[in-house]
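Colleague: Below you'll find the structure I mean.
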Amino acid sequence: MRILYATDASAYREMPLAVCIPKTKDDLKTLIQFAAANHTSLIPRTAGTSLAGQVVGNGIVVDVSKHFNKILELNEKENWVIVEPGVVRDELNLFLKPHHLFYGPETSTANRAMIGGMIGNNSCGSNSILYKSTREHLLEVTALLSDGTEVVFGDITTEQFHVKCELPTLEGNIYRHIRQLLSSPAVRDE
Ligand SMILES: Cc1cc2nc3c(=O)[nH]c(=O)nc-3n(C[C@H](O)[C@H](O)[C@H](O)COP(=O)(O)OP(=O)(O)OC[C@H]3O[C@@H](n4cnc5c(N)ncnc54)[C@H](O)[C@@H]3O)c2cc1C
């Protein structure tokens, strides 16, 4: 298993410490705690078609493609869908077709690439001028941070942003860091 997961579609090869195929969100939280306690890293992986070694490394490869592959909810009125990270891009569109909906970003590997990896890479394709890249279609992400806490990232108002900045948590640290970065007019201009 470690040899199988030592490569992706890139030219790189590195033997991971271990490979995990988690089944539940609790498994993911356990893995995060384990990695923190043992000073190692987690390498989330979906289809592994990245070209720059994104899913190759010496930490623990966490393959979420096997058990996190469900389409959870479709809202036809508002044109959004909630999916797990292991949903294949083309399979999402097969599901959406009868509803006359279409998820645009089309990597060349669309019959393998999964939404988790598309978000990680901000994937797009040859029609991106029309179809845009993944980030233009992403409304919200539910994520687990490195301390195991679950957070939701999405559009927020200025007021909500200030509330987030006051949180005495890792999530609060992230928002404070962004505020600090963007408080410089030079950075904002850039
Ligand atoms: C022949 C070929 C052609 C390609 N053409 C294109 C193209 O046209 N356009 C394009 O954009 N790309 C292209 N790619 C690159 C790649 O196929 C795409 O970027 C693809 O969308 C990656 O999806 P994946 O499921 O394979 O992700 P992976 O390679 O498995 O992961 C990608 C990144 O996302 C992270 N990640 C995955 N799941 C999670 C998760 N649940 N939580 C947190 N992080 C996560 C990984 O750690 C990694 O950093 C091509 C690759 C090949 C081999």
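Colleague: Is it true that E140 is surrounded by 12 or more Cβ atoms within 10 Å (Cβ to Cβ) and either within 27 Å of L42 (Cβ to Cβ) or within 16 Å of the ligand (Cβ to nearest atom) (or both)? Steps first, answer last, please.
Modeller: On the way: surrounded by 12 or more Cβ atoms within 10 Å (Cβ to Cβ): no; either within 27 Å of L42 (Cβ to Cβ) or within 16 Å of the ligand (Cβ to nearest atom) (or both): yes.
It is false that E140 is surrounded by 12 or more Cβ atoms within 10 Å (Cβ to Cβ) and either within 27 Å of L42 (Cβ to Cβ) or within 16 Å of the ligand (Cβ to nearest atom) (or both).
Colleague: Checking the conditions here, which among T157, T109 is at pLDDT 95 or above, outside the structural domain of A37 (by TED's automatic domain parsing) and either over 29 Å from K66 (Cβ atoms) or of a type in the set (D, E, K, R) (or both)?
Modeller: T157
Colleague: Related question: Select from the stretch 110-129 the residues that are part of a loop (DSSP other than H, G, I, E, B) and closer than 14 Å to G86 by Cα and write down the one among them that is farthest from the ligand (Cβ to nearest atom). Walk me through it before giving the result.
Modeller: Taking the stretch 110-129 first, the residues part of a loop (DSSP other than H, G, I, E, B) are 110-113, 122-127.
Those still in the list that are closer than 14 Å to G86 by Cα too: 110-113.
Working: A110: 8, N111: 10, R112: 6, A113: 3 Å.
Checked the stretch 110-129; the qualifying residue farthest from the ligand (Cβ to nearest atom) is N111.
Colleague: Quick check: is even one residue across the stretch 60-75 of a type in the set (A, V, I, L, M), in contact with a strand residue (DSSP E or B) (Cβ under 8 Å, 6 or more places away or on another chain), more than 21 Å from Y5 (Cα to Cα) and open to solvent by less than 50 Å² (accessible area, probe 1.4 Å)? Walk me through how you get there before you give the answer.
Modeller: Going residue by residue through the stretch 60-75, those that are of a type in the set (A, V, I, L, M) are 60-62, 64, 71-72, 74.
Still in the running and in contact with a strand residue (DSSP E or B) (Cβ under 8 Å, 6 or more places away or on another chain): 60-62, 64, 71-72, 74.
Of the ones still in play, those that are also more than 21 Å from Y5 (Cα to Cα) are 71-72, 74.
Restricting the remaining residues to those that are open to solvent by less than 50 Å² (accessible area, probe 1.4 Å) gives 74.
Yes, because at least one residue in the stretch 60-75 is of a type in the set (A, V, I, L, M), in contact with a strand residue (DSSP E or B) (Cβ under 8 Å, 6 or more places away or on another chain), more than 21 Å from Y5 (Cα to Cα) and open to solvent by less than 50 Å² (accessible area, probe 1.4 Å).
Colleague: In the stretch 147-167, how many residues are touching a Leu at 6+ places or on another chain (Cβ under 7 Å) and either open to solvent by 50 Å² or more (accessible area, probe 1.4 Å) or farther than 20 Å from D26 by Cβ (or both)? First the steps, then the outcome.
Modeller: Of the stretch 147-167, the ones touching a Leu at 6+ places or on another chain (Cβ under 7 Å) are 147, 149-151, 154.
Filter once more, so that each one left must be either open to solvent by 50 Å² or more (accessible area, probe 1.4 Å) or farther than 20 Å from D26 by Cβ (or both): 147, 149-150, 154.
Total satisfying the criteria: 4.
Colleague: Note down all Cβ pairs under 8 Å where the first residue falls in the stretch 116-140 and is under 11 Å from E106 (Cβ atoms), the second is at pLDDT below 95 and of a type in the set (D, E), and they're at least six residues apart or on different chains.
Modeller: From the stretch 116-140, the pairs are C124/E106; G125/E106; S126/E106; N127/E106; Y131/E106.
Colleague: If N121 satisfies all but one of (1) within 19 Å of N75 (Cα to Cα); (2) open to solvent by 30 Å² or more (accessible area, probe 1.4 Å), what's the number of the condition it fails?
Modeller: N121 satisfies all of (1) within 19 Å of N75 (Cα to Cα); (2) open to solvent by 30 Å² or more (accessible area, probe 1.4 Å) except (1).
Colleague: Given the criterion touching a Leu at 6+ places or on another chain (Cβ under 6 Å), open to solvent by less than 70 Å² (accessible area, probe 1.4 Å) and not assigned by TED's automatic domain parsing to the domain that holds V56, identify the matching residue among L92, L101, L96, L170.
Modeller: Unique residue meeting the criteria: L170.
Colleague: Further, regarding this structure: State all residues of the stretch 32-51 that are open to solvent by 70 Å² or more (accessible area, probe 1.4 Å) and within 11 Å of the ligand (Cβ to nearest atom); if no residue qualifies, say none. Lay out the reasoning, then the answer.
Modeller: So in the stretch 32-51, the residues open to solvent by 70 Å² or more (accessible area, probe 1.4 Å) come out as 33-34, 37-39, 44, 51.
Within the stretch 32-51, P44, L51 meet the criteria.
The values are calculated or read from the model by the stated rules, or taken from the named source; none is laboratory data. Being a predicted model, the structure only gives us computed values, none of them experimental. Every residue, glycine as well, gets a Cβ built from its backbone with ideal geometry; the counts of neighbours run over all protein chains shown. Each accessible area value is taken on the protein alone, full model and side chains, heavy atoms only, with ligands, DNA and RNA left out. Shrake-Rupley method; radii C 1.70, N 1.55, O 1.52, S 1.80 Å.
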